[in-house]
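Nothing in this text is a laboratory measurement; each read-out follows from the coordinates by a stated rule. If you're wondering where the values come from, they're calculated on a predicted model, not measured in any experiment. Cβ coordinates were reconstructed from backbone atoms using ideal geometry, including for glycine residues, and neighbour counts include every protein chain displayed.
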Amino acid sequence: MKFVDFFNALLGGKLIGQKCGDCGSYTCPPKATCDNCGSRNLEEVEMSGKGRIMTFTTTYVAPAGYSEEAPYTVAMVELDEGPWIVGRIDLPVEEIERLGQALVGARVSVYGREYPTEPFYPNKEKRVVPMFRLESER
Amino acid sequence: MRDVAVLGVGMTKFGKHPDKSLVDLFAEAFFEAFEESNIELKDIQALYYGNFVGEMTDGSGNLSGFMADEIGLRGIPAIRYEGACASSSVAFREAVRAVAAGYYDIVAVGGSERLYTAGTEIGTRALATAVDGVYEITAGLTFPGVFALAARLYSKAYEIPLEELREMMAMVSVKNHRYGAINPKAQFYGKLGNLKVEDVLNSRMISSPLTLLDCCPMTDGGSAAIIAAADIAEDLVDTPVYVRGTGQSSAGGLFRQKGDIIRAIPRRKSSQMAFKEANMTPKDIDFVEIHDCFTIAEIIATEAMGFFEYGQGCYAVRDGVTSIDGDLPVNPDGGLIGKGHPVGATGVSQVYSVVKQLRGEFKENPVRDAETAMTDTLGGDFGTLVNIILSIHRR
């Protein structure tokens with residue numbers, strides 16, 4: 001699978017991953033080999049797009065090409081199928097600071113948001129960021 | 001395989017060098033190493049040079065030939081090694097392997113980098129080329145960000161309240177700045193030697209929960225070493241420092257390593273490889289120069305290398321175990337936080353500090369009775385990991 005397809009699917013509302021035909025585990029984002037067992041017997045599947053925040057950080061000092069977007073909050077989310085992905089929490093910084101470490105463990109759903117690309121990013125047309133939206137408590 | 005030893009070491013002062021090129025910085029460090037090696041230039045058979053982001057900071061690639069030519073080694077094989085912040089440690093290890101295998105007798109190693117002069121925005125982007133270039137950088141993940149993510153994971157996994165952990169992290173900065181302030185080669189020589197925990201906690205937030213003083217600085221600098229087969233070294237210098245073991249390991253993106261990032265599995269593999277080659281255990285190591293790019297990074301490193309149990313490294317800092325008079329002094333030269341971090345030059349600058357200590361020449365902050373020590377250099381988010389064990393004793 002091409003990396004561009006992964007991000008275009010995300011913009012279209014679908015989180016694409018792979019299911020291993022040998023060990024049954026999931027890999028996301030896609031890879032040439034199963035992230036668990038190394039098998040190439042992989043089937044492209046749509047993931048649930050749900051998971052929980054494992055860790056996060058609000059970045060105040062951004063690299064060239066990203067400064068206009070700062071401050072922003074990068075997080076790692078463990079998807080319900082097992083893989084972890086990197087993206088951003090779509091809350092204002094004040095809200096993130098108020099919630100603090102309590103955000104760890106919070107349930108989220110994943111969607112894609114388009115940003116302008118930058119000179120060193122592999123996709124020269126656009127940059128897509130996986131965004132994490134907090135699911136309301138029930 | 002033959003035994004290998006270090007003949008001489010050199011490093012520039014770390015800090016801001018807008019007036020010196022990558023070549024100038026390497027040459028300055030090289031000649032300091034050369035002067036104490038008791039060899040002639042023609043004895044050097046190859047150059048192993050480390051640089052990470054010359055293209056982005058100086059618009060310069062293909063660097064190794066320019067380095068070799070500058071120091072009068074026209075025509076010798078010269079190779080650039082790139083392993084992010086571990087670039088010159090990778091170069092050093094490959095040089096050791098070539099001499100051990102008998103392919104060369106005497107080679108030069110080193111690195112140079114100019115991140116301070118490049119400025120924060122370009123420097124931050126250049127360093128961020130070491131995260132996954134597709135799936136991590138798109139979110140704007142930076143290196144302070146990587147270790148900020150690790151700090152929160154550490155707090156959660158070991159059930160240490162974040163504020164309590166931050167105080168112990170701050171103690172790493174206080175300690176390393178104390179040592180950097182007395183090291184004449186350090187970026188912060190004469191500065192920040194009397195920091196308090198509150199100063200670290202209250203400095204500017206860079207990537208929560210890491211503040212400016214949780215981070216190593218952007219640095220310009222160069223480092224060098226000359227190594228030789230041990231039998232040759234013993235005829236050339238009074239105090240050869242022997243390379244007893246090396247290790248290296250790799251990893252993919254942070255998201256592939258998942259919760260293991262606080263256990264730094266590649267570092268565990270790399271250090272175990274070095275211990276096995278040296279036929280040693282952590283108990284044989286008198287002190288370490290390790291990759292404290294951020295305060296939490298030093299804590300994670302001491303655990304993964306096997307000096308403390310997972311989740312206990314923070315208490316070792318708090319209890320003074322890693323101070324100069326503790327059981328395991330960590331970063332007596334100030335580490336990356338106090339000494340500075342010219343990334344491609346950092347690994348060999350750690351070798352510099354270890355060699356000076358083992359020869360009894362590190363007068364500013366000596367580790368008492370040190371005979372064997374270890375370096376640890378991390379490239380990227382655990383993508384490249386190198387450990388080197390050095391000793392005044394041949395095996």
So B:L165 ticks every box in (1) of a type in the set (A, V, I, L, M); (2) more than 9 Å from every other protein chain (Cβ to nearest Cβ); (3) farther than 26 Å from B:V200 by Cβ but one. Which box is left unticked?
(3)
Checked the range A:78-104 for anything within 9 Å of chain B (Cβ to nearest Cβ), of a type in the set (V, I, T) and closer than 27 Å to A:Q18 by Cα; matches are A:I85, A:V86, A:V104
I'd like the full set of residues that are surrounded by 16 or more Cβ atoms within 10 Å (Cβ to Cβ) and in contact (Cβ under 8 Å) with a residue 40 or more places away in the chain, limited to the range A:91-119.
A:L91, A:I96, A:L103, A:V104, A:A106, A:R107, A:V108, A:V110, A:Y111, A:G112, A:Y115, A:E118
Single residue of the range B:200-210 satisfying the filter (within 10 Å of chain A (Cβ to nearest Cβ) and over 17 Å from B:G123 (Cα atoms)) that is surrounded by the fewest Cβ atoms within 10 Å (Cβ to Cβ)
B:R204
Within the range B:36-58, which residues are of a type in the set (A, V, I, L, M, F, W, C), under 13 Å from B:A108 (Cβ atoms) and surrounded by 24 or more Cβ atoms within 10 Å (Cβ to Cβ)?
B:L47
Apart from one, (1) of a type outside the set (A, V, I, L, M, F, W, C); (2) farther than 15 Å from B:C293 by Cβ; (3) in contact with a Ser or Thr (Cβ under 9 Å, 6 or more places away or on another chain) all hold for B:E159; the odd one out is (3)
Quick check on my filter: what residues within the range A:18-51 are within 18 Å of A:Y111 (Cα to Cα), within 12 Å of chain B (Cβ to nearest Cβ) and either surrounded by fewer than 19 Cβ atoms within 10 Å (Cβ to Cβ) or of a type outside the set (S, T, Y) (or both)?
A:C28, A:P29, A:P30, A:G51
Restricting attention to the range B:31-58, the residues that are over 22 Å from B:G379 (Cβ atoms) and either without any contact (Cβ under 8 Å) to a residue 40 or more places away in the chain or not in a loop (DSSP other than H, G, I, E, B) (or both) number exactly 9
How many of the residues in the range B:174-191 are in contact (Cβ under 8 Å) with a residue 60 or more places away in the chain and either touching a strand residue (DSSP E or B) at 6+ places or on another chain (Cβ under 7 Å) or not in a helix (DSSP H, G or I) (or both)?
9
Does B:V367 satisfy being under 9 Å from B:S89 (Cα atoms), touching a strand residue (DSSP E or B) at 6+ places or on another chain (Cβ under 6 Å) and not in a helix (DSSP H, G or I)?
no
Read through the list (1) in a loop (DSSP other than H, G, I, E, B); (2) farther than 27 Å from A:P63 by Cα, then give the number of the only condition that B:M171 fails.
(1)
